[in-house]
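First comes the structure, then the notes that go with it.
Read-outs: derived from the displayed coordinates by stated rules, not from any lab. None of these values were measured; they are calculated from a predicted model. Backbone-built Cβ (ideal geometry, glycine too); neighbour counts: all protein chains shown.
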Amino acid sequence: MPVFSYIAIPKSGAKKELCSDLAALSFCEVIPADNQDVIVLVTDTPDENTEKELQKTMKELQSLQALSLAFGYDDKEKIGN
Amino acid sequence: MKLNRRHFIKCAAAGSAIATAGALFPGISFGNWQKLQNNSGMIDWQKAPCRFCGTGCGVLIGVSDGRAVAVKGDPNCSVNKGLCCMKGYHSVQALYGSDRLTKAQVRKNGTMVDVPIQEALDIIAKKIKETRDKHGKDSVAIYGSGQWTIPDGYVASKLFKGCLGTNNVEANARLCMASAVTGFMTSFGIDEPMGCYEDIDHANVFITWGNNMAEMHPVLFSRMLANRKRRTNVTIIDFATRLTRTSQAADKSILFKPQTDLAVANAICHEIIKNGWVNSNFINEHVSFHKGKTNIGYGTEDHFAFTDKAEPISFDDFKLFLDDYTPEKVERISGVSAQDIKYMAALYGDPSVKVTSFWCMGMNQHTRGTWINNLVYNIHLLTGKISTPGNSPFSLTGQPSACGTVREVGTLTHALPHGVVMNEHDRQMAAEIWDVPVSNIDPKPTYHTVEMFRALDRGDIKFIWIQVTNPMVTMPNLKRYRDGALKEDRFVVVSDVYPTPTTDVADVILPAAMWVEQEGMFGNSERRTQHFAQILEPPGEAMSDTWQIIEVARRLGFEKQFPWSQEEYIEKIWEEYRRFHAGPKHEMAPYTVLNERSGVQWPFVNGKETRWRFNPKYDPACSNGKEFHFYGKKDNRAWIWARPYEPAAESPDNEYNFWLNTGRVIEHWHTGSMTRRVPVLHNAVPSSYVELHPEDAADLGVVNGEMVKIISRRGEITMPAQINGRGVPVRGMVFVPFFDESYLINEVTLDAFCPISKQPDYKKCAVKLEKA
């Protein structure tokens, strides 16, 4: 059950569109900055496969310029350790 | 608060990304983010206006697990720009007092018993019908307040005036804002301030007329102080009858004897004319001169009636009238030195200085309240210092929707949502929008507030429904009106959120939804309409005041006039109400716009708010092609009035030798029924007190905290003394805050009122003191 957070940068002028695109995806929570074209994205998926699918979908979004990982956590890894 | 492990990890994830963004993008802000996280769990933030005073600060309310847990100022709201006062920051705690009313109660055999709210609503409808059938349409009444939301007041007016055919609709704004309304109407022919809070950022001189803004409007006062600090040419003058926190912060404090503000205002005009400081071009183009009746009485007797009559006069007549008000003559009446009068006149008269005058209850709760409003407008009109940024005569309000609900919806006996009942065209408009026969709307006003409670005492009114206010604390000469409400065949319904002295006299109590437990709108002092969504569920069976009225209206057979569903009723009511104000003078924003923004100022025309009225640079209603257009009056001019000084209804004499002045403190709002349930505020000022001048206290032989008996011709009260506290009255005056229901100071006050506005004077009556 991975939890990740990212800093998402929209393409020029596409912040609102990127917020809508990300908010429309399951397992995503969108936190737009008030005063800059930057979005914080938190994902909370039920398993690794869903997570991979989600990441693939996100990277295909036309409104997305760049996505940088800020935080990652996975219950499975914790148990394995 | 529930916080599971998963939730915690998500908070950490979001916090980590926000911190990273903060490092990468200097100055980045997530303050507007609706789903903010902190280390106590997920908090959902939603906008609302503050619940308390008329400033209309925008707040963001943080909700977690269905409970309001945090408040912060709304940075998007231009009123307060992210700041709040202590009441605002603690406002959500007022929702959670342990004795919150959650069930309806009905008096059975002398005892209040819980009943389902639907049963209570049945009883109310049945009682209204029975009372009307037996005693006539004007035997039932509704009494609300400036705490009514706009939809609350609108449906109250529609039911009582449109459907039941009685003008027995009043609100406690009569006790706090009526003189401001009649001041605007007589001087400009249209209500509410021409300026806005942005005036504070432009003015060089602020004069507070009997207005302790430091405690009553602290966010606006702090904006004044910030301007004084930032700009080098800002002066604050406090013109008052007692020393307050405002006096302490002001550059100059000028004290006057109660009621003599009338004389001082005239003396300022005298000086302006004498020294050639009149803005002649402005006067010639935009002003006409009038006089009204004099020796107009005080309304202390039942059935008191007065109608003013305006007569045109010339500028020379006005100048002649002011001969009685030389600074030297007025010094003897007012106690204000001629030098200080000339100093204030020079500030108003200096064309290079922008002056904003602020006032609130000191000028409105005044037996010549309409007159003193007129007189301050006179000063601004003579000098042309009006309707431009920084030049502003500004009447502030005390309640969150005194303007939005009572003044704009018109929940006063003579008023309609547009215009007055006496006007045939206005009645026709109301009848058409309300879908009722025009004959339903009675062309004759009935009772203003004081007379309404006198009618209840006399038995002319048998049924009264009181919503969102606490008249059994606030009515002057209170004992008479409490005894009246308790009489055998009177039926009193009270809708409120907590038990109060008013619920004590009720036959039915309805638990009301409070503030953001319902959707609604308020309207603040600067013509700003502020929408709030329902953010929380009301407790138990508590129901919005609007919906309570709709439920009763339907039981009375008015389903056609009140057809809305609970999901959409606020939007539907707003869009219906908005039809009354169509046009450039008062156009209101559509529901969708209100929903999006932290308040919208009317007139809202072609998507633009109006900041300064009567000035064509800002106001689309101006159409005369000139620099200003005072379109409220038929002569398209603002009116200067010759109004004399007349004494108070009751002044100290040899027996009752002190003035009694009443008011508020910063920690508590109004009668304290909400703020006294907030532990932080209650503990700060747990009870009321009587402020005395130190020398009067010494003469009386009392020290701080000792009990003093205050005796008037109406009643007496014993309470602790406060000497050299935050406020210091002059010798011969005492001051008592009215927030504490344990000390009902209004049993001592006098029910004299301004004959034009019918607003009582809570600032002046005569008392004597004894050491208890």
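The equivalent ellipsoid of segment A:3-67 has semi-axes of 20, 12, 9 Å, largest first, where each one is the square root of 5 times an eigenvalue of the Cα gyration tensor.
With +1 assigned to the C-beta of every Lys and Arg and -1 to the C-beta of every Asp and Glu, and no other charges, what is the dipole magnitude of segment A:3-67 about the Cα centre in debye, to the nearest 20?
Values: 6 positive and 11 negative charges, 59 e Å.
For segment A:3-67, the charge dipole is close to 280 debye.
Across all C-alpha atoms in segment B:5-96, the radius of gyration and Dmax reach 14.5, 43 Å. Antiparallel beta bridges, as assigned by DSSP with both residues in the protein assembly as shown, represent about 60 percent of the total such bridges. Net charge of the neighbourhood of A:S63, taken over other residues with C-beta under 15 Å away and scored Lys/Arg +1, Asp/Glu -1, is 0.
The radius of gyration of the Cα set in segment B:658-749, together with its Dmax, comes out at 12.8, 37 angstrom. Near B:G384, the amide H atoms lying under 5 Å from its own belong to B:N279; only residues 5 or more places off or on other chains count, and H is placed 1.01 Å from N. The helix-only estimate of mean residue ellipticity at 222 nm for chain A, built from DSSP H runs of length n ≥ 4 each weighted as -39500 (n - 2.57), is -10000 deg cm²/dmol after division by the residue total.
What are the semi-axes of the equivalent ellipsoid for segment B:727-772, taken as the square roots of 5 times the Cα gyration tensor eigenvalues, largest first, in whole Å? Each semi-axis is the square root of five times an eigenvalue, giving 21, 14, 11 Å.
Figure the gain on full extension for B:E655 and B:D114 (residue separation times 0.36 nm, minus the Cα-Cα span) and round it to one decimal in nm. The partial results should precede the final answer.
Working: separation 541, 0.36 × 541 = 194.76 nm, distance 4.92 nm.
Gain in length upon complete extension: 189.8 nm.
If R0 is 41 Å, what FRET efficiency do you get for B:E575 and B:K709 from their C-beta distance, rounded to 0.05? Efficiency, from the Cβ-Cβ distance: 0.15. Each listed q (0.24, 0.28 Å⁻¹) maps to a log10 I(q)/I(0) for segment B:350-415 from the Debye sum over equal C-alpha point scatterers, namely -1.08, -1.17. Along its principal axes, the protein assembly as shown has C-alpha extents of 92, 69, 62 angstrom, given from the largest down.
Count the DSSP beta bridges whose two residues both fall in chain B, then state the antiparallel fraction as a percent rounded to the nearest 5. That works out to approximately 50 percent antiparallel. Dividing the convex hull volume of the alpha carbon atoms of chain B by its residue count gives 164 Å³ per residue.
Arranged by the count of other C-beta atoms within 10 angstrom, fewest first, what order do B:M543, B:M216 take?
Working: B:M543 23, B:M216 27.
Final ranking by Cβ density, sparse to dense: B:M543, B:M216.
Pull out a ≥ b ≥ c, the square roots of the eigenvalues of the alpha-carbon gyration tensor of segment B:612-668, then state rounded if a/c is under 1.5, prolate if not and a/b is larger than b/c, and oblate in the remaining case.
oblate
R0 = 35 Å: FRET efficiency of B:K444 with B:D122, Cβ-based, nearest 0.05? Kindly include the intermediate steps, with their values, before the conclusion.
On the way: r = 32 Å, r/R0 = 0.90.
The value I calculate is 0.65.
Tally Lys and Arg at +1 and Asp and Glu at -1 over the other residues with C-beta under 10 Å from the C-beta of B:D442: what net charge comes out?
Values: positive: B:K137, B:K161, B:R427, B:K444; negative: B:D138.
Value of the local net charge: +3.
Remark: segment B:210-223, residue by residue, has Karplus-estimated 3J(HN,Hα) of x, 9, 7, 4, 4, 9, 8, 9, x, 5, 5, 5, 5, 5 Hz, where x stands for each Gly or Pro and the curve is 6.51 cos²θ - 1.76 cosθ + 1.60 at θ = phi - 60°.
Ratio of segment B:443-501's C-alpha Rg to 2.2 N^0.38 Å, to two decimals? Display every interim value, and only then the final one.
Working: Rg = 11.4 Å, N = 59, 2.2 N^0.38 = 10.4 Å.
Normalised Cα radius of gyration, segment B:443-501: 1.10.
Cβ crowding within 10 Å ranks B:C53, A:C28, B:C403 as A:C28, B:C53, B:C403, fewest other Cβ atoms first.
What net charge do the residues around B:C765 carry, taking every other residue with its C-beta under 11 Å from that of B:C765, with Lys and Arg at +1 and Asp and Glu at -1? Value of the local net charge: +1. Shown for B:F604, A:F27, A:F71, B:F753: other C-beta atoms within 10 Å of each C-beta, ranked fewest to most, produce the order A:F27, A:F71, B:F604, B:F753.
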